[in-house]
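The values are calculated or read from the model by the stated rules, or taken from the named source; none is laboratory data. Since this is a predicted model, take the numbers as computed values, not measurements. Cβ coordinates were reconstructed from backbone atoms using ideal geometry, including for glycine residues, and neighbour counts include every protein chain displayed. Side chains included, ligands, DNA and RNA excluded: accessible areas come from the protein's heavy atoms. Shrake-Rupley method; radii C 1.70, N 1.55, O 1.52, S 1.80 Å.
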Amino acid sequence: MGGQASIAAVKGFRDVLPNESRLWRQLEATAAEVFAHHDFHPLALPLLERAELFARTLGEGTDVVEKEMYTFEDRDGTMLTLRPEATASAVRAYLDSGLGAQGQAARFWYTGPMFRRERPQKGRYRQFHQIGVEAFGQAEPIVDAEILIMLMHLLARLEVREATLHLGSLGDATCRPGYREQLAAFARDRLEALCGDCHRRLVNNPLRLLDCKVPSCRAAMQGAPVMLDHLCDDCAAHFAAVRALLDGEGVAYALAPRLVRGLDYYNRTAFEITAAGLGAQDAVAGGGRYDGLVAQLGGPDVPAFGFAIGVERLALAAGLTIEPPAPQMAILPLVAEAAGAALSIAVRLRAGGITVLLEPPGRSLKALLRNANRRQARAALLLGGDELAAGRGTVRDLVRGVDHRLALPLDAGASELVRWVREHEEGESAG
Ligand code: HAM
């Protein structure tokens, strides 16, 4: 085996090591609790979908569809894509499940990896993770407000610093085409100042002209018309109602007249949330309304609203750290013959809910104790030849450095052992 080259992880794909992973679980557990309180129900979706699901929903002119999808041909010739996001899958599942047929209301949440072949940098990966929410069948502004309030509440609970809601409206099929034409006309008058990408955007997806990062394009597009000034009466009323509901709850937001989402299925309310500590990739969550998508995938006319949080970014922005659980008992066999007794006690204590660090025999007492202390174990059960002969271990209180002869025989039942450890711990904290 020696001497072979090691194999590196794929670029943009990373391992989530225990300290971060532990935090992720806490983030997800808190999200699951908050979502349950808001009548959202868990949905597990496949990672692979037919390529056309995304090609048909995310938008032809978007970066995701144009250059970021992992698409390949399956052995039977089907074109498959590793999902770049989950909203399209959720719509498919909503229709496949039969819930969509009558346009029934359904509220889901999901979590898992997404895949986009972007240029990796801090907070941007090719495999990243989202926690997302999708609500089907509810068109009213109260739903937009309810979900935005839920999301801001969740971020506050996770101690995300400087979470800022950037809120806009993208209009609908009534008002957006006219606006898009005005924006395109504005850009055509400034053609020579725009980059090559913007020339393509002008043809494929003029709204994205507002999203170009090139400074000269930004300068040229200053003063461009914005969607918020061109909403039709219905879209304007919807947006005003959402804002009034947020204002009524004291939820702060920044109006984002130039907000464009990276995916094309949105209409009306659209938003992003930025947070401190993220660097250039500062959007921790994004989403909005997508009232046309269910029909676009062959279902009835069902309105929908949703968002997704980026978990890697949430972990960077959240103010929490989760300490590894300290073992309540380290079991330290000092002689080889103690292995059986050590394992047996560990099994019984763990079955009773005690966190146990079980060491194999073969190291010195000193080395074992050093490790138990490093791991912040509260107590150690020492099993040497004397203890085995007596059938009673020695328990060393590692917090106070006192030894107790285990009052119970080593073959005591699980519940007695667990009680002994618990009482011992209580005595400790009382003393
Ligand atoms: P999105 O804005 O493309 O929306 O992604 C949502 C969040 O995922 C972003 O705000 C960001 O935190 C995270 N994210 C996106 N790309 C990456 C990446 N390459 N690396 C790390 N994090 C990333 C959607 O995906 C929509 N499906 C959200 C939605 C649900 N809209 C309606 N329902």
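For segment 187-198, a tally of residues being under 18 Å from V65 (Cα atoms) and surrounded by fewer than 18 Cβ atoms within 10 Å (Cβ to Cβ) returns 1. Please name all residue pairs, on different chains or six or more residues apart, with Cβ atoms under 6 Å, provided the first residue is in segment 136-159 and is open to solvent by 40 Å² or more (accessible area, probe 1.4 Å) and the second residue is of a type in the set (D, E). Hits for this filter: I149/E249. Taking segment 286-320 as the range and being open to solvent by 10 Å² or more (accessible area, probe 1.4 Å) and more than 23 Å from Q26 (Cβ to Cβ) as the test, the residues that pass are D291, G292, A295, Q296, L297, G298, G299, P300, D301, P303.
Say whether the condition of being among the acidic types (D, E), more than 30 Å from N204 (Cα to Cα) and near the ligand (Cβ under 10 Å from one of its atoms) is met by at least one residue in segment 308-315.
yes
Of the residues making up segment 53-91, those that are open to solvent by 40 Å² or more (accessible area, probe 1.4 Å), farther than 12 Å from F115 by Cβ and free of Cβ contacts under 8 Å to residues at least 60 places away in the same chain number 7.
Conditions (1) open to solvent by 40 Å² or more (accessible area, probe 1.4 Å); (2) of a type outside the set (D, E, K, R); (3) more than 39 Å from the chain's Cα centre (by Cα), marked per residue:
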site: A346; (1), (2), (3): no, yes, no
site: A351; (1), (2), (3): yes, yes, no
site: V356; (1), (2), (3): no, yes, no
site: N371; (1), (2), (3): no, yes, no
site: T394; (1), (2), (3): no, yes, yes
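Only one entry in L53, L165, L151 is in a strand (DSSP E or B) and within 14 Å of the ligand (Cβ to nearest atom), namely L165.
The single residue among A367, A377 that is touching a residue at least 12 places away in the same chain (Cβ under 8 Å), over 30 Å from A90 (Cα atoms) and outside the structural domain of M152 (by TED's automatic domain parsing) turns out to be A377. Within the span defined as segment 95-106, every residue fails to be under 16 Å from the mean Cα position of the chain (by Cα), among the small types (G, A, S) and open to solvent by 10 Å² or more (accessible area, probe 1.4 Å). Highlighted here are the strands (runs of 3 or more DSSP E) found entirely within segment 339-429 that include at least 2 residues which are modelled with pLDDT under 90: 402-405. Residues in segment 230-257 that are in contact (Cβ under 8 Å) with a residue 40 or more places away in the chain, closer than 23 Å to A275 by Cβ and not in a helix (DSSP H, G or I): E249, V251, A252, Y253, A254, L255, A256, P257. Residue check: P333 meets all listed conditions (1) farther than 30 Å from E425 by Cβ; (2) crowded, with 21+ Cβ neighbours inside 10 Å but one, namely (1). Note on segment 21-41: residues that are open to solvent by 50 Å² or more (accessible area, probe 1.4 Å) and either within 17 Å of M114 (Cβ to Cβ) or assigned to a helix (DSSP H, G or I) (or both) amount to 8. Candidates in segment 205-229 are the residues that are exposed (fewer than 14 other Cβ atoms within 10 Å of the Cβ) and in a helix (DSSP H, G or I); of these, the one that is modelled with the highest pLDDT is D229. For segment 114-137, the tally of residues that are over 14 Å from A285 (Cβ atoms) and out of contact with any helix residue (DSSP H, G or I) (no Cβ under 9 Å at 6 or more places or on another chain) stands at 4.
Selection within segment 397-410: residues that are closer than 16 Å to A346 by Cα and in contact (Cβ under 8 Å) with a residue 24 or more places away in the chain. The member of this set that is surrounded by the most Cβ atoms within 10 Å (Cβ to Cβ) is L406.
Take the conditions (1) more than 13 Å from the ligand (Cβ to nearest atom); (2) touching a residue at least 60 places away in the same chain (Cβ under 8 Å); P177 misses just one of them, which is (2).
Apart from one condition, Y179 fits all of (1) out of contact with any Pro (no Cβ under 8 Å at 6 or more places or on another chain); (2) crowded, with 21+ Cβ neighbours inside 10 Å; (3) part of a helix (DSSP H, G or I); the exception is (1). Against the list (1) under 25 Å from E66 (Cα atoms); (2) in contact with a strand residue (DSSP E or B) (Cβ under 9 Å, 6 or more places away or on another chain); (3) not small (G, A, S), the condition L231 fails is (1). Among the residues of segment 107-125, those identified as among the charged types (D, E, K, R) and surrounded by fewer than 21 Cβ atoms within 10 Å (Cβ to Cβ) are R107, R117, E118, R119, K122, R124. Restricting to segment 258-285, and then to whatever is surrounded by fewer than 21 Cβ atoms within 10 Å (Cβ to Cβ) and not in a loop (DSSP other than H, G, I, E, B), can you tell me which residue is farthest from the ligand (Cβ to nearest atom)? Within segment 258-285, the match that is farthest from the ligand (Cβ to nearest atom) is T274.
Collect the residues in segment 108-142 that are near the ligand (Cβ under 10 Å from one of its atoms) and among the aliphatic types (A, V, I, L, M), keeping them in residue-number order. Those that are near the ligand (Cβ under 10 Å from one of its atoms) and among the aliphatic types (A, V, I, L, M): M114, I131, V133, A135.
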